[in-house]
Structure formats: structure tokens, C-alpha cells
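Beneath this line is the structure, given in C-alpha cells, with notes to follow.
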Amino acid sequence: MSTLDVNALLRQRYGAGAPVLTDPDIVASDTLGLLLRHRSVRAFTGEEVSDEVITAIVAAAQSAASSSNNQSWSVVEVRDRDRLRRLVTEAGASAFVSEAPVVLLFVADWARATEIARWHDEPADAAAYLESTLVGFVDAGIAAQSAVVAAESLGLGTVYLGSLRNHPEVAAAEIGLPQGSAVAFGVAIGWPDPADTAGIKPRLPQRAVRSREQYQPISRDNVEAYEAELAAYNASQGRAGNWTRQVVARVRDIAGLHGRENARDALGRRGLPSR
């Protein structure tokens, strides 16, 4: 029997409209409960995360699916306080990163394959195409999610760091990336501060994201229902905000990209021109 109440977690994730699961095998799934209780953790205790723990987490990441088993990603473990501070002050990472016990930087990496091709006196022309860039980023994302699940299963807290794409060349230089590779994002890992009140953030109802057979456009009713659930959660955290306005701000103009509108040029300078 699961030690986590799956249906209670569903109510936290979806609010009043949450589905109710009755299949005993589903309700008893510890893995499902672990996934449903995920939250972003941005406040950590001062306790270190051991090398053995990170070894296990990276093993979980490497056990994830990889396109054609090319394994076109790498991970760089960062613990040095000065380097973490520079990732904040110079590479655009969020301020709390400087206090994280460890940050894993997941890298879309075609440098390794290019080097292997060189060993065989072969070119690596296909690495320059958009499909290769996408594969590197997708593989990194799949691997990172397995790492996050592994970390949370051990009682650790995690949060993704897309902010490291604000200044990709700075981040790359900080960890010595070769041409043909770029930081996709980071994951901060640490033991959650028990004083942190952040909880399970509501998500859109499944009917807003789940279609059967053919894509169904979003409906205003679904969004308004979600706004109400998220507003209640935000109020419990002492925060305000409007989700739809946040979405509009993201797509309205390039200001919502926070400098990342130059991503293609930046990738090109990293040896990933994405043709």
C-alpha cells in the first residue's frame, strides 16, 4: 500500500475538479504518489549532498531513454561557491542558486559525437542541423526528469533553472564547454528547508491539455476554473498574480524572452547552428 494518498495529491494538483482514482494498483503506487507530490524547492538547508547521492542520481539520468542511444547530452556538477555565485551574477541564474548545495548543468552535447567522428576521420556535418540540436535538448530534458524523480525519491528537493539560457555563452565559458555543446538548463538540488511553505502548485485541468484522437483547443471555462484554483494557492503563499496575464506577457513580444530571442545566434556561436 502506498504511503502517499494519491487521491489527496490529485486534489491538491487539480482542486475541486480532481479525478478520483479507484483502481487499487494505481492508488497503491508509490511512484505515482511521488510524481504527483512534486514541487519546486528554492530554499535548502545547509546540509551537503553526498557524492554517492549524486552518483545515484546521474545513474538514474543515464537510464532514461535516449534517441538512437546516441546519448547526446552531458551533465556538469557544480558545487564551488564562487562558481555558483558567478552563475548568478554573470550567467543570469536565479539568486538562490548561489546557496544551493549542488547544481547539475544539463548540456545538449554533440561535441562528444563530433570527437568520435574525428577519431574515424569522418565529418560531423549532421550535427549542425536543427534536428540534432532538438535531439540534444530533448535527450537532456528526458535525462534530467529522471534525475529529478530519483532525487525526490531520496527526500531531496529540486528546481529547474531555465534562467541559465539568458546568457548561454557565459554559462558555457564558466564550465569550459567545447564547441558543439550548450547548457540546456540547470537543476538545483538540496535538502528542503523545513521552513519553506511552498506546496503542490495547481495545474490546468486535464481537459485543457488532454485530447482524445484529435487536438481540442483551449476553452475559456477551463482557464477560468484554473485561475480560481491557482489564485487560492497563491493566496496561501502570500502571493498575487494572474496566470493568463503571465501567459500573455510570455507571448506578446520579445520582452517575454528575457534576452533569449537571440538563442539561434548563440547556439551558432556554440557550434550548433541549427540549420
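Based on what the data block shows, is GLU227 in contact with a helix residue (DSSP H, G or I) (Cβ under 9 Å, 6 or more places away or on another chain) and under 26 Å from ALA95 (Cβ atoms)?
For GLU227, the condition - in contact with a helix residue (DSSP H, G or I) (Cβ under 9 Å, 6 or more places away or on another chain) and under 26 Å from ALA95 (Cβ atoms) - is not met.
Of all residues in region 130-185, how many are farther than 30 Å from THR31 by Cβ, charged (D, E, K, R) and in contact with a Leu (Cβ under 7 Å, 6 or more places away or on another chain)?
1
Please tell me if VAL6 is farther than 30 Å from ALA228 by Cβ, surrounded by 18 or more Cβ atoms within 10 Å (Cβ to Cβ) and either free of Cβ contacts under 8 Å to residues at least 40 places away in the same chain or assigned by TED's automatic domain parsing to the domain that holds VAL135 (or both). Break it down into steps so the answer makes sense when it comes.
Details: farther than 30 Å from ALA228 by Cβ: no; surrounded by 18 or more Cβ atoms within 10 Å (Cβ to Cβ): yes; either free of Cβ contacts under 8 Å to residues at least 40 places away in the same chain or assigned by TED's automatic domain parsing to the domain that holds VAL135 (or both): yes.
No.
In region 117-171, which residues are without any contact (Cβ under 8 Å) to a residue 60 or more places away in the chain and within 29 Å of GLU52 (Cα to Cα)?
PHE137, GLY141, GLY155, GLY162
Residue by residue through region 36-52, note down the ones that are of a type in the set (A, V, I, L, M) and crowded, with 18+ Cβ neighbours inside 10 Å.
Hits for region 36-52 are LEU36, VAL41, VAL49.
Identify the single condition in (1) among the hydroxyl-bearing types (Ser, Thr, Tyr); (2) assigned by TED's automatic domain parsing to the domain that holds LEU161; (3) within 21 Å of ALA150 (Cβ to Cβ); (4) in contact (Cβ under 8 Å) with a residue 12 or more places away in the chain that SER98 does not satisfy, given that it satisfies every other one.
(3)
Any residue at all in region 190-210 that's in the same structural domain as SER94 (by TED's automatic domain parsing), within 22 Å of the chain's Cα centre (by Cα), in a strand (DSSP E or B) and not charged (D, E, K, R)?
Checking region 190-210: at least one residue is in the same structural domain as SER94 (by TED's automatic domain parsing), within 22 Å of the chain's Cα centre (by Cα), in a strand (DSSP E or B) and not charged (D, E, K, R).
Out of curiosity, is ALA182 aliphatic (A, V, I, L, M) and within 23 Å of TYR14 (Cβ to Cβ)?
no
Need pairs with beta-carbon distance below 8 Å; first residue outside the structural domain of LEU156 (by TED's automatic domain parsing) and over 13 Å from GLY155 (Cβ atoms) and within region 28-39, second assigned to a loop (DSSP other than H, G, I, E, B) and of a type in the set (Asp, Glu); sequence gap 6+ or separate chains.
GLY33/ASP5
What is the number of the single condition among (1) of a type in the set (Phe, Trp, Tyr); (2) buried (at least 18 other Cβ atoms within 10 Å of the Cβ); (3) without any contact (Cβ under 8 Å) to a residue 40 or more places away in the chain that PHE106 does not meet?
Just one mismatch for PHE106, condition (3).
The values are calculated or read from the model by the stated rules, or taken from the named source; none is laboratory data. Remember, it's a predicted structure, so these values are computed and weren't measured experimentally. Ideal geometry is used to build each Cβ from the backbone, glycine not excepted, and the neighbour counts take in all protein chains shown.
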